[in-house]
1. For Ser343 and Ser363, calculate 0.36 nm times their separation in residues minus their Cα-Cα distance, and state this gained length in nm to one decimal.
2. Pick from Leu121, Leu293, Leu360: which residue has the top mean-square fluctuation in a GNM of the chain where Cα pairs under 10 Å get a spring?
3. Could you tell me whether the range 148-209 comes out rounded, prolate or oblate from its Cα gyration tensor? Rule is a ≥ b ≥ c as square roots of the eigenvalues, rounded for a/c under 1.5, then prolate if a/b exceeds b/c, otherwise oblate.
4. Can you list the aspartates and glutamates whose alpha carbon sits under 13 Å from that of Lys385, skipping same-chain ones fewer than 8 residues off?
5. So what is the relative contact order of the chain, in percent, for Cα pairs below 8 Å that sit 6 or more residues apart?
6. Looking at the P(r) of the range 113-158, how many percent of alpha-carbon pairs lie beyond 16 Å?
7. I want to verify a result. In a Gaussian network model of the chain, Cα cutoff 10 Å, which of these has the top mean-square fluctuation: Thr162, Thr273, Thr136?
8. Could you give me the percent of Cα pairs per 10 Å distance bin for the range 35-194, shortest bin first, beginning at zero and ending with the bin that holds the maximum distance?
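The values are calculated or read from the model by the stated rules, or taken from the named source; none is laboratory data. Note that this is a predicted model, so its numbers are computed, not measured. Quick note on the areas: whole protein, heavy atoms, side chains included, nothing else; ligands and nucleic acids left out. Shrake-Rupley method; radii C 1.70, N 1.55, O 1.52, S 1.80 Å.
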Amino acid sequence: MSVKPKMNTDKQKLQLIEKLLDGVQVEWKTLGEVLKIKNGKDYKQFQVGNIPVYGSGGVMKYIDTAVYNKPSVLIPRKGSLGNLFYVDFPFWTVDTIFWTIINTDVIEPKFVYYFLQTQNLEKLNKAGGVPSLTQTILNKIKIPIPPLSVQKEIVRILDTFTELTAELTAELTARKKQYNYYREQLLSFEDGEVEWKTLGEVSEKIYSGGTPKTGILEYWVDGTIPWMSSGEVNLENVYQTEKFITESGLKNSSAKLVPANSIVIALAGQGKTRGKVARIRIELTTNQSLASLTFDKFKINPDYVYHFMKTQYEKFRQISSGSGTRGGLNLKMISSYKLPVPSLAEQSRIVSILDKFDTLTASISEGLPKEIELRKKQYEYYRDKLLTFNKP
């Protein structure tokens, strides 16, 4: 992935990189020549402690014994092959991830870490089932060896980018906690403070959708009506859908048009989809795994209903867990569910505050998530620039 640099400060950074790498003599070696790859082992014989145990997914638990206490790069053996870790503290690894003893007279451990990030290790997978790597494959990877002083400067530059991203990520985590706190405060009411009504009482309509028969081309080909599946409820604000159906598909199924500014609640779905809620920003139709709720905006604010129902996710999961073998919600459960109904003015005030938090913490076009994504792209761009050397 690459992103075009901005002209001012980014142009200066490129000039510094060119100066840093100008005339640098680079020797190419294999990984096997600069480090030793070691297998992870079982940890169950040890006691609980403060030494992290790494698997290919990250830290699994903590024990009282370390396998190694010097800087090392951990390389997944199975599973998420690109999920590399750099550690400079005592650690243990299980058999799904390799650890390394690095010759620091020749190469900086973190230089190895940053370089391997550019190598797309997933493409080296030779397994037919669970992705996996072998020591033989890894040992053959060619790695550039500029002078140690240059390696250290490259590491310093890239550390600056990763630290900035880490700071933004920490800021996002803090803002999400703040958001959750204020949301709970804004949507908590004392007994008798507001009237409680069911969703059936405040909604104009509650209905599920449908799926036109697959294989019938006239229902799908060149369709212009947005058709939403239960998986798309994770978008939270729906401005477009992945699939479209035709007028014939709508007419010949139980699907119904849902007006913009409605909300949908997942009745079923894979993973933890059931119970999630989303705002519909366009007219569309849905499959049968979504319940659509329309409202009279002069009686209740649809966005207020959305924000309140987001807080009810776990309760929806609980009440639906005994429904059928896989669990599920139905329209009766939705219709009878109660929510507090303050005045329209208070609803608008609550929506205004929570929408601002939503933008800050969740928007991929604005707010912190966008800034983090831009910083990641910038980091990847400069990482590739710094770690690209001509092979002999």
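1. That pair, Ser343 and Ser363, stretches by 4.4 nm at full extension.
2. Leu121
3. oblate
4. Straight-line reach from Lys385, under 13 Å: Asp10, Glu18, Asp22.
5. Computed value for the chain: 16 percent relative contact order.
6. Beyond 16 Å sits 50 percent of the P(r) for the range 113-158.
7. Of the options given, Thr136 has the highest mean-square fluctuation.
8. For the range 35-194, the pair-distance distribution reads 9, 30, 29, 17, 8, 5, 2, 0.
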